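Since the structure comes first, as structure tokens, the remarks are kept for the end.
Computed from the coordinates by the stated procedures, all read-outs in this text should not be read as laboratory data. Just so you know, these numbers come straight off a predicted model, no measurement behind them. FYI the Cβ positions are ideal-geometry reconstructions off the backbone, even for glycines, and counts take in every protein chain you see.
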Amino acid sequence: MARAAVLGRLTWQLGEVAELIQETPRVSSLVLDVPDWPGHLAGQHVDVRLTAEDGYQAQRSYSIASAPESAQVTLTVERLPDGEVSPYLVGELRTGEKVELRGPIGGYFVWRAGEERPLLLIGGGSGIVPLMAMIRHHAATAAAAPVRLLYSSRSIEDVIYKDELARLTADDTGLAVAHTLTRSQPAGWEGYSRRIDGEMVAEVAWPKKDAPAVFICGPTAFVETASSLLVESGYDPAWIRTERFGATGG
Amino acid sequence: MRQSDLKLDGNAIAGLLREIFTMEMTNAETTCAGCGKVHAVGRVDVYLNAPGVVVRCPACEQVLMRIVRGRGRYWIDLTGTRCLEFKE
């Protein structure tokens, strides 16, 4: 499956929306049936293309949220108000309709369950999506590597996969989750309440003697802050893989 | 919006590079012709807010690649890449 997932010419194909899941007020998951899907690796993405009646095309990349073990392909998409593609995917697209996509794409920001090093995942906002594929892959394979997730959201309403993360943590799958809410916190909030900083990283991250595998995904500034903090704390930059969403999405 | 907010990385052009090379390229390693540093393509800086794609070295910011696609053709300038190494 891994071989099929990384080789060969890319072709556009159609995926049918089997289910739409509203994750937060601005974020939805699209569960797609994609015929002849070659399988994917946790962390890969797809390109989605929309074509207007006049032939104008807009294309964006979206991370796959589902585990490689899943038969369907789930994309989790944040609706960006000025976007060209996301307002269609989140808001207009309906169950039973089709979207044009190609993939899976990417091989750098990828984690395989056979990897035994402790795993440190750091996500900002919708940067959680490819990390969730890794977490789901980890759970589906009962992988041995322990996982810590540091997840930064604006408010509790913006936390994507909140219930599933709580359930996986309670199920003792080897996952520990630390949330930080940067803008507003509910009454009685026991997580962090600030932007990611050195103290937070020191509390959550594996000690450097464990030489963990690290994946960081989120907006550009978030990714650069998180990776700099880890390197300053003594992490080898070679342990760290990053994926930036930037501000050009949509 | 600041220029730094527009900085993406090589993951963002994984699909485009696969069109051109017909292979997964984000694990390929690129050697900068300016500073000689080697980076995975997934790690390099990428700007999509230009007429084409501009790829820069994360160490010295020199342009590694420029890729333009249009009218059914690709133009690829690799002047800034001394070497691009990848698995068969």
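Using the Kirkwood radius over C-alpha pairs as Rh, can you work out the diffusion coefficient of chain A via Stokes-Einstein at 20 °C, viscosity 1.002 mPa s, in µm² per second?
Diffusion coefficient, whole number: 116 µm²/s.
With a 10 Å cut-off between alpha carbons and a GNM built on chain A, which of A:Ala145, A:Ala42, A:Ala202 moves the most?
Greatest mean-square fluctuation among the candidates belongs to A:Ala202.
Add -39500 (n - 2.57) for each DSSP H run of 4 or more in chain B, then divide by its residues: what number comes out at 222 nm, to the nearest 500 deg cm²/dmol?
-2500 deg cm²/dmol
Need the list of aspartates and glutamates near A:Lys98 for cross-linking: C-alpha distance under 16 angstrom, and skip anything on the same chain fewer than eight residues off.
List returned: A:Glu16, A:Glu19, A:Asp33, A:Asp36, A:Asp47, A:Glu53.
Kirkwood Rh, Cα Rg: Rg to Rh for the stretch A:2-105?
For the stretch A:2-105, the value is 0.94.
Per DSSP helix of 4 or more residues, -39500 (n - 2.57); summed, then divided by the residues of chain A. What does that give at 222 nm, rounded to the nearest 500? Could the numbers behind the result be given before it?
Numbers: 6 runs with 51 residues, N = 250.
Calculated at 222 nm, the ellipticity per residue is -5500 deg cm²/dmol.
For the stretch A:33-45, just list the computed ³J(HN,Hα) in residue order, Karplus coefficients 6.51, -1.76 and 1.60, θ = phi - 60°, integers in Hz, with x standing in for Gly and Pro.
8, 10, x, 6, 4, x, x, 9, 10, 5, x, 6, 10
Compute the distance from the alpha-carbon center of the stretch B:18-88 to that of the stretch A:33-56, in whole Å.
Each part's Cα centre sits 23 Å from the other's.
Computed over the Cα atoms of chain B, what is the convex hull's projected area averaged over all directions, in nm²?
Seen from a random direction, the Cα hull of chain B projects 5.7 nm² on average.
At 0.36 nm per residue, minus the direct Cα-Cα distance, what do A:Ala166 and A:Ser193 gain on full extension? Give it in nm, one decimal, please.
Stretched fully, the A:Ala166-A:Ser193 segment lengthens by 7.9 nm.
Over the Cα atoms of the stretch A:119-244, what is the Rg over Rh ratio if Rh follows Kirkwood?
Dividing the radius of gyration by the Kirkwood radius yields 0.93.
Run the Debye formula on the Cα coordinates of the stretch A:69-136, all scatterers equal and no solvent, and tell me log10 I(q)/I(0) at q = 0.13, 0.19, 0.27 1/Å.
These q points yield log10 I(q)/I(0) values of -0.51, -0.99, -1.43.
How high is the relative contact order of chain A, given as a whole-number percent (alpha carbon pairs under 8 Å, six or more residues apart)?
19 percent
Go through the cysteines of the protein assembly as shown and tell me which have no other cysteine Cβ under 4.7 Å away.
A:Cys217, B:Cys83
Rounded to the nearest 5, what % of DSSP beta bridges with both residues in the protein assembly as shown are antiparallel?
Bridges in the protein assembly as shown that DSSP calls antiparallel: roughly 70 percent.
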